[in-house]
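A short write-up of the structure that comes next.
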Amino acid sequence: QQQVKQSPQSLIVQKGGISIINCAYENTAFDYFPWYQQFPGKGPALLIAIRPDVSEKKEGRFTISFNKSAKQFSLHIMDSQPGDSATYFCAAGESGNTPLVFGKGTRLSVIA
Amino acid sequence: DTAVSQTPKYLVTQMGNDKSIKCEQNLGHDTMYWYKQDSKKFLKIMFSYNNKELIINETVPNRFSPKSPDKAHLNLHINSLELGDSAVYFCASSQAMDIQYFGAGTRLSVL
């Protein structure tokens, strides 16, 4: 019940295309859903996060879509750029109670 | 000013040795963590400390011992290193288990 399932494991997208990464969770107590971006040789860094009171959150080219009834959330990267090439992790947690549970990561490659 | 800093960045050592990794955060957070990232990039939580007290200890060999002298520091000591300990170890911190801020990682190679 603590797992967060992330797919795909790897993704290759043409420059200018849309990258979509999906995550699913089981624990209905989760109320915080962040996405982390990790470049090679660096630690994961918070990219964007959503709470279940909204169904979508957009920051620049990055959008989180959240479906509470399906217990799914996804990251959309519009107009993907080579500089977006990184590993992306979704995560879920209960604010103030337990540490985040991370998905297994998606390695995104954006090719020109 | 680096928010979460880890030292060393690289650590190469022989099997059977004992080594330590240090972590310091200057964010004033009350919770710190250690994660292990394997070659497949999977992030696995090892320990979590809240105000110097251990609150999470996942299934980790007891060769791994965290030490928190104060809430800004969480060090990781590893005894009798094994080949399978080779990985990147990340320290992170958060306030009340919210957004986690990660260090740059320590790449441990056991030969």
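The values are calculated or read from the model by the stated rules, or taken from the named source; none is laboratory data. No experiment lies behind these values; they were computed from the predicted model shown. No Cβ is skipped: glycine too gets one built from the backbone with ideal geometry, and neighbour counts run over all protein chains shown. We work out accessible area using only protein heavy atoms, side chains counted, and drop any ligands, DNA or RNA first. Shrake-Rupley method; radii C 1.70, N 1.55, O 1.52, S 1.80 Å.
For the reader, a short list of remarks on this structure follows.
- Pairs of alpha carbons in segment A:8-99 whose separation is greater than 18 Å (percent): 44 percent
- Solvent-accessible ranking of A:Val13, B:Val12, largest area first, probe 1.4 Å: B:Val12, A:Val13
- Each Cα pair under 8 Å and six or more residues apart adds its separation to the average, and for segment A:31-70 the resulting relative contact order is 30 percent.
- Summed residue charge, Cβ within 15 Å of A:Ala70's Cβ, Lys/Arg positive, Asp/Glu negative: +1
- Prolate/oblate/rounded label for segment B:4-110 (Cα gyration tensor, a/c 1.5): prolate
- Surface accessible to a 1.4 Å probe, per residue, for the residues of chain B, Å²: 49 Å²
- A:Ser95 sits with roughly 40 Å² accessible to a 1.4 Å probe, with DNA, RNA and ligands left out of the calculation.
- Spatial separation of Cα centroids for segment A:10-72 and segment B:10-41, in angstrom: 26 Å
- A straight Cα-to-Cα reach below 18 Å connects B:Lys67 with the lysines B:Lys19, B:Lys22, B:Lys36, B:Lys52, residues fewer than 8 places away in its own chain not being considered.
- Per residue of peptide B:28-41, the mean number of Cβ atoms on other chains within 10 Å of the residue Cβ is 2.
- Heavy-atom accessible area ranking, 1.4 Å probe, most first, across A:Ser7, A:Ser85, B:Ser39: B:Ser39, A:Ser7, A:Ser85
- Exposure rank, largest accessible area first [B:Ile99, A:Ile18, A:Ile50; 1.4 Å]: A:Ile18, B:Ile99, A:Ile50
- With all protein chains modelled, accessible area of B:Asp70 [1.4 Å, Å²]: 60 Å²
- Neighbouring Cβ atoms from other chains, within 10 Å of the Cβ of residues in A:98-104, number 6 on average.
- Shielding value for A:38-47 is 5, the average number of Cβ atoms from other chains within 10 Å of each residue's Cβ.
- Kirkwood hydrodynamic radius (C-alpha pairs) into Stokes-Einstein, the protein assembly as shown, 20 °C and 1.002 mPa s, D in µm²/s: 119 µm²/s
- Rounded to the nearest 10 Å², the accessible area of B:Leu54 at probe 1.4 Å: 80 Å²
- Accessible carbon and sulfur surface of segment B:4-110 relative to its total accessible area, %, 1.4 Å: 50 percent
- Using Cβ point charges alone (K and R +1, D and E -1), the dipole size of chain A about the Cα centre works out to roughly 220 debye.
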